[in-house]
Each structure stands twice: as structure tokens, then as C-alpha cells.
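Below is one structure, written out as C-alpha cells, with a few remarks after it.
The values are calculated or read from the model by the stated rules, or taken from the named source; none is laboratory data. Computed from a predicted model, the values in this text were never measured in an experiment. No Cβ is skipped: glycine too gets one built from the backbone with ideal geometry, and neighbour counts run over all protein chains shown.
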Amino acid sequence: MMVSRPNPRGPEEEANEERRDNVRARILRCQHGQALAKETCDILVDMWHKGELKDGTDSLGDGFGCLDNGLFYGFLSRDNAPPYNVRRREDDGDSFWSKGEARRRHSDRVFRACLTAGFPVLIEGDITRSVMGAVCKAAVGMHISKLRNLGVRRGTSMFSLSEEFVDCWVEGNVGDNMLRDAFGGKTTWTIQNFEENQRVDACSYQTIECAAATGIVRKTRMGALCYPDTADTAGTDNTGGELTKPVSIGEVLWAGSEVTAFATRRGSVTHIHVDALEVNEKPLFLPAAGAMRSVNRGDRGPAKRAIVVCAHDMDRVVRLFKLDVRKPPAMQYGGAVSDLRRLAAELKANSIGFVVIDFPEACSYAIPGKCAHMSVTLRLVETCAWNPALPF
């Protein structure tokens, strides 16, 4: 008579293993046939098990839940962070995720695994101070009362600066009337290319050199992850920019871009685009990174919502939406103004992989190269963004 042997694993363990295998298969499908190291895949599956790898399928509500849209994103929540022993002063920055070796090590693993797999990654609680506030304070200190608006699709305008406006901005207490007075009828304003180079403290219509603002960016965890080998050389004669480092991409020497800071009012739409730079008359597709902070702290809910499209589908997206990738991002799409729901429906209809991401009120992010994306601002936010030279 045969004796049945008990299963060494219980039904709960078996079900969990089946779910892990299913997620592993979905992760590998996202690679579109390209190899992904087992170690990287194991990290991503462990992230999913802890709730740190999300598919973002239910952010759009009705009709969009429980669907495999073909892409994941990493999300490091403050609630799930490794503990920090305050008695050991290990932190080397202001960021929540820079405090403690365990947090730094974990964020590094997640960052590398996600970008290697072509997944966006978000780090909650990564920026503590106002980059725009630092830049504007520097301008006010130089007795500059107006700065040029570079964030509109056609033309430029000025916005007004005052000590009261800057203080309210830094404190997260900007009222609608104050915004209207400062911005006029325009929706965004931008300050480009601020550096750690302290040889010059000057402000032109589009550039301000501000060591304080660059210092804030460098002390975010995302800044440290993007530029781990760049030494602090503030005050030296460095004309190349401290946040960039020359690298060779396709035999083209490229130094990336300096940080751009910009503010966006509620309801503003960034049309679908791909981050690209023309080098030797050919587009070079770049990863993007940044840190974002809500300015009006009294508001609730996510600060921004975005759709990020799988990098493997970039060529199809460019054809479908007739994007001109030789133009700046804001000018690539020339079609009618759309919204995220309509974009998601069109992507689904064409079997193009994407993920919907909600950005919390203070976070940093990285988006792999060739990922087209579109966003809608849900609260008044400031963002500092850059295109890092990363080997992913």
C-alpha cells in the first residue's frame, strides 16, 4: 500500500511562490526578449513582495484596474524604509534616504535594479528644502526683481520677485493672489543651468549660478545616486558644471545637462515627449531624473500624475503621436491637447506598454532613457530636473 507523504510546504507558501513566479514572468516580459540577470530579477521580485514594485494599473480609476499594462515602477516608501539608528551619525545628506547605511544600501540596490530593467523609480521623502527658494533668494540678494519665464511653448515673459514671495514659497504658503501677481497669466517658470561654480554670482534672463541650490540637489538621495563619483569642488574654476561628468555614449563624448529648476501650477499638462539631445545631427535618448516638492502643503493627494511608456515601445510611440524628437521636449508633440485617460486608452488600443505613476508631495524620481512620458500637475509644485549620464 502506498503511503502519501505530507507536502513540506503549506498551501499558503505554494500560493505565494506561484505569485512570485507570475511576477517574475511579467518582469521578464517587460524586457521584450532582452536578457535580465537573475540577481536583478530576484531583487525586483523581492521588491514586489514588500510592496516596493508596483504596476500602477489602478491610478486612473474606472476601467483601468487589475490590468497588466506592461510596465512596473519602483517605489521606496518612507513607511517601509530600513530603520535608522540615530545614535550613529552615518548620514551624509539631508534626505530621509541618506540617513543610515541600511537605507543608502537599499536605495542603491533598488535604483540600479529598476533602471537596469527599464523601470522608473520613485523615492518618497527625498527632498527637504526648496531649490526654487534658494535660487530666488540668491536673485533677490543681487537686487534682481524679475526673472525670465522659459516654460511656455511660445514666447517668454517675466515674473516678479520679492522677499515676501520668496519667504512664502519656501514655507509652502503661497496664496492664489500672490501667484497671480507673480506669474501673470503664464503657467510655468524656469531657471536653467545653476552650478556649484562660485567664480561668478550673476543672473541673466535664463541662467543663475547658485551654489545653495546645487547643494540641495546634491544632498538628495537621487542626486547622490546619479552622481556618486563627483567630488565637491565648489569655488574652483570648473566651467563644465559640477552635476555633469563627461562620458562616451556611442563614441560621442557627452557631459549631460546642468540642473533646470521649474515650477508648475495645478492643472498644467506636460505633453507626451521623449528626453533627447541632438548630437552630431542624431538624437541621443537620455534618462531623466529629478526631485519634486509640493509648494502648498495644505493641499492633499498626489502632487503629480504621469504615464511612462515602456522604452522598448519608443519607436511606435514616436510614430503614433508624430513626435519630432529633434525638437525640445515641450515642442515634440504638435497634436491636440490630450489628457492621461485618453492617452492610456490609445496606448492600450495599440498594445503599447505603460505605467501610471502618482508622485507624492516630496519625492525624487528617475526615468530610463527612451521612455516617453506625459504628466499632469495636481498641486502647485517645484521640480529640479537633470539628465544624468548613467550606464543603464
Original post:
For Ser364, all conditions in the list (1) outside any strand (DSSP E or B); (2) in contact with a Leu (Cβ under 9 Å, 6 or more places away or on another chain); (3) crowded, with 18+ Cβ neighbours inside 10 Å hold save one; what is the number of the exception?
Top reply: (1)
Subject >> Single match in Ala231, Ala291 (criterion: under 17 Å from Ala389 (Cβ atoms) and either at pLDDT below 70 or buried (at least 18 other Cβ atoms within 10 Å of the Cβ) (or both)) >> reply: Ala231
**OP:** Spot the failing condition for Gly118; the list is (1) of a type outside the set (S, T, N, Q); (2) at positive phi; (3) touching a helix residue (DSSP H, G or I) at 6+ places or on another chain (Cβ under 6 Å); (4) modelled with pLDDT under 75, and only one is missed.
**Re:** (4)
**OP:** Check segment 127-147 and report whether any residue there is among the charged types (D, E, K, R), modelled with pLDDT under 85 and farther than 13 Å from Leu76 by Cα.
**Re:** yes
Original post:
Within segment 39-51, is even one residue modelled with pLDDT of 90 or more and not in a helix (DSSP H, G or I)?
Top reply: yes
**OP:** Pull up segment 295-341, narrow it to residues that are within 20 Å of the chain's Cα centre (by Cα) and of a type in the set (Asp, Glu), then point me to the one that is modelled with the lowest pLDDT.
**Re:** Asp339
Original post:
Is there a residue in segment 328-335 that is under 27 Å from Ser95 (Cβ atoms), free of Cβ contacts under 8 Å to residues at least 60 places away in the same chain and not β-branched (Val, Ile, Thr)?
Top reply: yes
Original post:
Residues Val174, Val166: which one is modelled with pLDDT of 65 or more, more than 30 Å from Lys54 (Cβ to Cβ), in a loop (DSSP other than H, G, I, E, B) and not polar (S, T, N, Q)?
Top reply: Val174
Original post:
Pairs, please: C-beta under 7 Å, at least 6 apart or cross-chain, first residue on the phi < 0 side of the Ramachandran plot and crowded, with 17+ Cβ neighbours inside 10 Å and in segment 162-174, second not in a helix (DSSP H, G or I) and not hydroxyl-bearing (Ser, Thr, Tyr)?
Top reply: Cys168/Val174; Trp169/Val295; Val174/Val295; Val174/Asn296; Val174/Leu380
**OP:** Kindly establish whether Ala276 is touching a residue at least 12 places away in the same chain (Cβ under 8 Å) and within 14 Å of the chain's Cα centre (by Cα).
**Re:** no
**OP:** State the number of residues belonging to segment 305-350 that are farther than 20 Å from Glu281 by Cα, out of contact with any helix residue (DSSP H, G or I) (no Cβ under 9 Å at 6 or more places or on another chain) and outside any loop (DSSP other than H, G, I, E, B).
**Re:** 12
Original post:
Of everything in segment 330-361 that's more than 19 Å from Cys30 (Cβ to Cβ) and basic (Lys, Arg), which residue is surrounded by the fewest Cβ atoms within 10 Å (Cβ to Cβ)?
Top reply: Arg342
Original post:
What pairs come up if the first residue lies in segment 294-323 and is buried (at least 21 other Cβ atoms within 10 Å of the Cβ), the second is modelled with pLDDT under 90 and aromatic (Phe, Trp, Tyr), and their beta carbons are under 7 Å apart, counting only those six or more places apart or on different chains?
Top reply: Val295/Trp169
